[in-house]
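Some notes on the structure that comes next.
The values are calculated or read from the model by the stated rules, or taken from the named source; none is laboratory data. Fair warning: this is a prediction, and the values are worked out from it, not measured in the lab. A quick note on method: Cβ atoms are made from the backbone with ideal geometry, for glycine too, and the neighbour counts reach across all protein chains shown.
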Amino acid sequence: MKQTRLYNVIFPVWLLFLVPVVWLMVIPANLLIDCAVVLVTLCALKHGQKRAVLKQVWWKVWLLGFAADFVGVALLLPAMFLSSVLPDPVWNLVEPVMYNCFLSPAAFVWTGLAVALSGVCIYVFDRLVLRSCSLLSPRHQHILALSLAVITAPWTFFIPVY
C-alpha cells in the first residue's frame with residue numbers, strides 16, 4: 001500500500017489549519033506587502049494622493065489577494081489526491097508538486113501554472129477593485145493591478161520543503 005504524503009502546497013497550506021497561530025504571521029505580513037506594493041507603485045507613478053488611494057483600496061486588494069492565492073492552491077491540491085489513481089511512473093512526475101517542484105518537469109510546470117493562474121486572478125480582481133477608485137486614471141489602475149499581480153503572486157509555491 002502506497003503512503004500518501006501531504007507536503008508543501010503553500011508554505012505548507014495544511015500548517016494553516018493545524019497551527020492556526022501561523023495565520024497571525026501570514027495575515028499581517030501579506031497586508032504589509034500589499035500596502036508596500038501599492039505605495040511604491042504610486043510613488044513610481046508620481047501619484048499625488050497616495051494615502052487617499054491606499055485608504056480606499058487596501059483591504060479589498062488584501063482580501064482579494066488571498067482569494068487569488070487560494071485559486072492557485074486549488075490547482076495544486078489535486079496532486080495530493082492523485083496517488084490512488086495514477087500509476088507509479090506517472091505519479092512520480094506529479095508528486096514533487098507537494099514538496100519540491102524542481103524534481104520533475106511536470107511538477108514545475110504544474111506549479112508554474114498555479115502561480116500564473118493566481119497572478120492573473122490578482123490582476124483581474126484588482127482591476128475590478130481599482131475601477132471604483134476615482135483617484136486613479138485607467139492607466140494607473142492597470143499599472144497598479146499589474147504590479148500587484150507580478151510582485152504578490154504566490155512565488156512561495158516554488159519554495160521546496162526539503
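Within the stretch 34-51, the residues that satisfy the criterion of being assigned to a helix (DSSP H, G or I) and surrounded by 13 or more Cβ atoms within 10 Å (Cβ to Cβ) are ASP34, CYS35, VAL37, VAL38, LEU39, VAL40, THR41, LEU42, LYS50. Candidates are the residues of the stretch 91-103 that are buried (at least 17 other Cβ atoms within 10 Å of the Cβ) and either of a type in the set (D, E, K, R) or at pLDDT 85 or above (or both); the one that is farthest from the chain's Cα centre (by Cα) is GLU95. Please enumerate the residues belonging to the stretch 129-141 that are in contact (Cβ under 8 Å) with a residue 24 or more places away in the chain and part of a helix (DSSP H, G or I). Those that are in contact (Cβ under 8 Å) with a residue 24 or more places away in the chain and part of a helix (DSSP H, G or I): VAL129, LEU130, HIS140. Identify all residues within the stretch 146-162 that are among the aromatic types (Phe, Trp, Tyr) and in a loop (DSSP other than H, G, I, E, B); write none if there are none. Passing the criteria: only TYR162.
Can you name the residue in the stretch 6-56 that is among the polar types (S, T, N, Q) and farther than 27 Å from LEU82 by Cβ and, of all such residues, is modelled with the highest pLDDT?
THR41
Looking at the stretch 114-162, which of the residues that are in contact with a Ser or Thr (Cβ under 8 Å, 6 or more places away or on another chain) and small (Gly, Ala, Ser) is surrounded by the most Cβ atoms within 10 Å (Cβ to Cβ)? The extreme case among them is ALA153.
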